[in-house]
Amino acid sequence: MNTKLIRLFIVVPFLSFLTALGQVEIVPRWFDAQDIITIRYTADQGNAALKGMNTVYGHFGLLTDQSTDSSDWKFTVGQWGQDDPQVRMNALGNEQFEIGYNISSFHGLNGQQQVNALA
């Protein structure tokens, strides 16, 4: 089985860039921490490094008011390099994968955090 881990890094200013490439889509496009979102990934777009994979995993975090910079992810979900069913993206066929979740519960927020971006 072909398996690789993908690190989705989506910061609001780059969202339109990634969407323009057709590689990553977030539905709904505008959301807050209480919403349920769906992240769709197209493996044959961008550098196509995951083209032909049967299984794709995400590694998700948040940038909050406590983050010091764009690499200081908080409330990270997913074990890097591990077969983690919680972040396994659903294969839709035609190089399409998606995962849906409620931001607040998925990341274990308690309502005290200010979420600035998905990472």
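Selection of the range 90-119 for residues being without any contact (Cβ under 8 Å) to a residue 60 or more places away in the chain, of a type outside the set (D, E, K, R) and in contact with an Asp or Glu (Cβ under 8 Å, 6 or more places away or on another chain) yields Asn90, Leu92, Gln114.
Here's the yes/no breakdown for (1) modelled with pLDDT of 95 or more; (2) open to solvent by 90 Å² or more (accessible area, probe 1.4 Å):
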site	(1), (2)
Met1	no, yes
Leu21	no, no
Ala33	no, no
Ala43	no, no
Leu63	no, no
Val77	no, no
Trp80	no, yes
Tyr101	yes, no
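Annotation note: Cβ proximity below 6 Å between a residue of the range 22-49 that is within 19 Å of Val87 (Cα to Cα) and part of a loop (DSSP other than H, G, I, E, B) and a residue that is open to solvent by 30 Å² or more (accessible area, probe 1.4 Å) and of a type in the set (Gly, Ala, Ser) (sequence gap 6+ or interchain) occurs for Gln23/Gly46. For the range 81-119, the set of residues classified as part of a loop (DSSP other than H, G, I, E, B) and within 29 Å of Asp44 (Cβ to Cβ) consists of Gly81, Gln82, Asp83, Asp84, Asn94, Glu95, Ala119, listed by residue number.
The values are calculated or read from the model by the stated rules, or taken from the named source; none is laboratory data. If you're wondering where the values come from, they're calculated on a predicted model, not measured in any experiment. Please note: Cβ atoms are built from the backbone with ideal geometry, for glycine as well, and neighbour counts cover all protein chains shown. Just the protein is used for accessible areas: all its heavy atoms, side chains included, with ligands, DNA and RNA removed. Shrake-Rupley method; radii C 1.70, N 1.55, O 1.52, S 1.80 Å.
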